[in-house]
1. I want the antiparallel fraction of DSSP beta bridges within chain B, as a percent rounded to 5.
2. Of all beta bridges DSSP finds with both residues in the protein assembly as shown, what is the antiparallel percent, to the nearest 5?
3. Check which residues have an amide H placed less than 5 Å from B:Phe80's amide H, if you skip close sequence neighbours.
4. With labels modelled as points extended 7 Å from the Cα through the Cβ direction, what inter-label distance (nm, one decimal) is found for B:Ser79 paired with B:Lys49?
5. For B:Lys133, go through the lysines and keep the ones whose alpha-carbon is under 17 Å away, minus same-chain ones fewer than eight residues off.
6. Among A:Leu30, A:Pro106, A:Val10, whose Cα sits farthest toward the positive end of the charge dipole of chain A (+1 at Cβ of Lys/Arg, -1 at Cβ of Asp/Glu, about the Cα centre)?
7. I'd like the antiparallel share, as a percent to the nearest 5, of DSSP beta bridges with both residues in segment B:125-246.
8. Which one of B:Thr329, B:Gly280, B:Ile73 has its Cα pushed farthest toward the positive end of the charge dipole of chain B, where Lys and Arg give +1 and Asp and Glu give -1 at the Cβ?
Amino acid sequence: MAKETIQIKVKDRKGEEHHLEAPTDMNLNLMEVLKSYDFPIEGTCGGMALCASCHCYIRSDHQLKEASEDEEDMLDQAFFVEDNSRLTCQIKVSEELDNIELEIAPSSE
Amino acid sequence: MIKTDLIIIGAGPCGLFTVFEAGLLKLKCHLVDVLPQAGGQLTEIYPKKPIYDIPGYPSILAGDLVKNLMEQIKPFEPSFTLGEKADSIEKTGDKEFTLTTDKGTQIQAPVIVIAGGLGVFTPRKPPLEGLEKFEDHGVDYMVKDPEKYRDKKIIIAGGGDSALDWTIELAEIAKHITLIHRRSTFRGALDSVDKVMELAQQGKIDLITEAQAIGVEGDSTLTHVKINQNTLGEKSIDVDYFIPLFGLTPKLGPIADWGLNIDRSAIEVDTLDYSTNVEGIYAIGDINTYEGKLKLILCGFHEATLMVQSAFKYIYPDQKLSFKYTTVTGVEGFTNG
C-alpha cells in the first residue's frame, strides 16, 4: 500500500531543524507544505516557478526529477544558488520523498 | 494637483475592475502604480499564463485579461500615474486625502482604495552582508542614467534580459564591464545573448559565468566585489559600481506606515464593505485579509463591487443610491449625464 504520509526534515534560516509530515494524496508541492507550517516562504507566484521565493537546498541524496529549463531560469533570480538548489514549488510531495531533508535558502531583502 | 473621487493604489485586475464598478456610480478614479504599465502581477509575472477561474472564461491568458479589463473600463475614462510609488498619504481636510508619490505627484480624493496586490514591486536585492551600506555609494539596483557610468568600472550580475541589455548598452560607455552569471547559459532574448557573447570574444567585456557575487567591500563607498567562480574559486574585483539585476519582487512598502491594521503583510478589513480601520480607506484584492480570505482575482472583483457602494455612501451620505443593471441601460447609460 502506498504511503499516505511522508516525513520531511527542514532546516530554517536560523539553522534550527524541524520535522514535518505531509500527505501524499493531496496533490501538494513542497512549497505549499512549507507555507502550511508557516515557514517564511513567500511563494509569491503561487507555484508557477515564476518568482524564486521558495528556493531551498536539498540536503539528502533523494533522486528528484531534474529541474526544468523554466525552473533553472528562475533560479537565476535567486541568490546563493548551489548544485542542490531547487524551487520547492516544482517538487510534488510523493512517497519517494519520504525522509527528504531541506534547507531554506537565504531570502532576498 | 490631480483631483478625483477614488485614488486606487495598484493597477492590477482588482484596481482596474474598481474603475468599472465606480464608474457605474459616476465616481471618477485615478490609479497609481509603481510599474510602468497596468496589470500588476498579471503583466509583470505571468502575462503568458492561462487563468482558468474567471467566470465565463474557460481559459484566458493573464495578459489578455488585463487587455480586456482596460477595454471594459475605457468608457469611464480613468486616469493613471504609472511608474511612481504611492509614498505617503495625508488627511488634508474633511473627507479629503492627499496622496504623494515618490516622484512628488500629488492626488487628492475623499477615498483611497488600496488594491496593491502583494505590495510594491521592488528590485530583488542579493542578501550580501553590508550591501545596504553601499546603496547609492556604488550599488545600484537599476540603471536610471547610463551617463553615470561613463569611464567607470562596473560589475553587472544576473542572467535575464535587463542584465544582458544593460551590459550591451553600458559596454560603449563604461571603462570596464564584468558580467557575472551563475550558469553558462542565459535566459534572455537570443540576439542579446549573441551580442554579449560577441562582446566577450572581442574582449570588450569580461564575462564570468558559473559565478556568483558573495561579498561587497569598501569603506564609505564600494571598492571591491568578491565573487566565487565554480572552478576558479574566490576572487575580489576592483569596481566603482555593482549593479545586481535579479528582477522584481513585491514588498508591502510604505503602506505599512499609514496607520492601518496589518496582519502578516496584509491589511485587515471589515468584510461588510472592505473598509480598513481608517475611515475613507478601503483595501481589496490580495492585499487585504479577513477570515476565510482567498487570494483569487474573482474574489477581488466581488470585493471591489461591494466596496464602491460603501465608498459612494461615504462620499455622498445624503444621496440615495439606486441600483441598476448594466444589461438594462448599457454602459452608456451610466457614463452619460
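Laboratory data are not the source of any read-out in this text; all were calculated from the coordinates shown. Predicted, not measured: the structure shown is a model, and the values here were computed from it. Backbone-built Cβ (ideal geometry, glycine too); neighbour counts: all protein chains shown.
1. Numbers: 34 of 68 bridges.
DSSP beta bridges in chain B are roughly 50 percent antiparallel.
2. Values: 48 of 86 bridges.
Within the protein assembly as shown, antiparallel bridges account for around 55 percent of the total.
3. When sequence neighbours closer than 5 places are left aside, the close amide H contacts are B:Leu31.
4. Between B:Ser79 and B:Lys49, the simple spin-label model gives 3.5 nm.
5. The reachable lysines, counting only those whose Cα sits under 17 Å from B:Lys133, are B:Lys125, B:Lys226.
6. A:Val10
7. The antiparallel proportion sits near 45 percent.
8. Value computed over the given set: B:Thr329.
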